[in-house]
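Note sheet for the following structure.
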Amino acid sequence: MSSDHLRNTDPMRASARCGARTRNGGPCRAPAVRCKTRCRMHGGARRCGAPQGNGNARKHGLFARDAMAEREQVRLLLGEAQKLLRELK
């Protein structure tokens with residue numbers, strides 16, 4: 001089944017491509033958004049990115065020095081308590 005329809009894909013193939021890398025390390029093959037270097041899926045879309053006041057980026061302090069020192073003290077106290085309970089048996 002042959003067709004005489006002429007495909008004009010040159011402008012599409014000549015468009016700038018996304019500069020992002022895929023998970024397997026290859027380049028993204030999607031066309032970049034106009035006036036940007038990324039496609040719509042990799043950050044070229046309007047209003048993309050984290051919203052103002054993003055709660056997910058909030059620092060929680062789980063690895064702060066004082067919190068780590070407090071957990072170490074609790075660990076030592078629990079160890080001493082277990083040792084005392086073993087001695088009482």
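List every residue whose amide H lies under 5 Å from the amide H of residue 17, counting only residues 5 or more places away in sequence or on a different chain, with H placed 1.01 Å from N in the peptide plane.
32
Suppose we take every Cα in the chain and form the convex hull; what volume per residue is that in Å³? Provide the component values of the computation, followed by the final result.
Values: hull volume 23.4 nm³, N = 89.
So the per-residue Cα hull volume is 263 Å³.
Which FRET efficiency value, to the nearest 0.05, do you get for residue 40 and residue 12 by plugging their Cβ-Cβ distance into 1/(1 + (r/R0)^6) with R0 = 22 Å? Spell out each step's value before the answer.
Details: r = 15 Å, r/R0 = 0.70.
Plugging the Cβ-Cβ distance into 1/(1 + (r/R0)^6) gives 0.90.
May I ask you to compute the full-extension gain from residue 30 to residue 67, defined as 0.36 nm times their residue separation minus their alpha-carbon distance, rounded to one decimal in nm?
On the way: separation 37, 0.36 × 37 = 13.32 nm, distance 4.59 nm.
Going from the current span to full extension adds 8.7 nm.
Quick one: helix 65-88 against the long Cα principal axis of the chain, what's the angle to the nearest 10°, folded into 0 to 90?
40
Looking at the chain as a GNM with Cα springs under 10 Å, which of 69, 32, 16 has the largest mean-square fluctuation?
Top of the fluctuation ranking is 69.
With a cap of 12 neighbouring Cβ atoms within 10 Å, and only residues DSSP puts in a loop, list the trypsin sites (Lys or Arg not before Pro) found in region 8-56. Mind showing how you got there, number by number?
Numbers: sites: 13, 17, 21, 23, 29, 34, 36, 38, 40, 46, 47; in loops: 23, 29, 34, 36, 38, 40, 46, 47.
Within region 8-56, the qualifying trypsin sites (Lys or Arg not before Pro) (loop, at most 12 other Cβ atoms within 10 Å) are 23, 29, 34, 46, 47.
Each reported figure results from applying straightforward, stated rules to the coordinates on display, with no laboratory input. Quick caveat, the model's predicted, so the values are computed rather than measured. Note: ideal-geometry Cβ built from the backbone for every residue, glycine included; neighbour counts use all protein chains shown.
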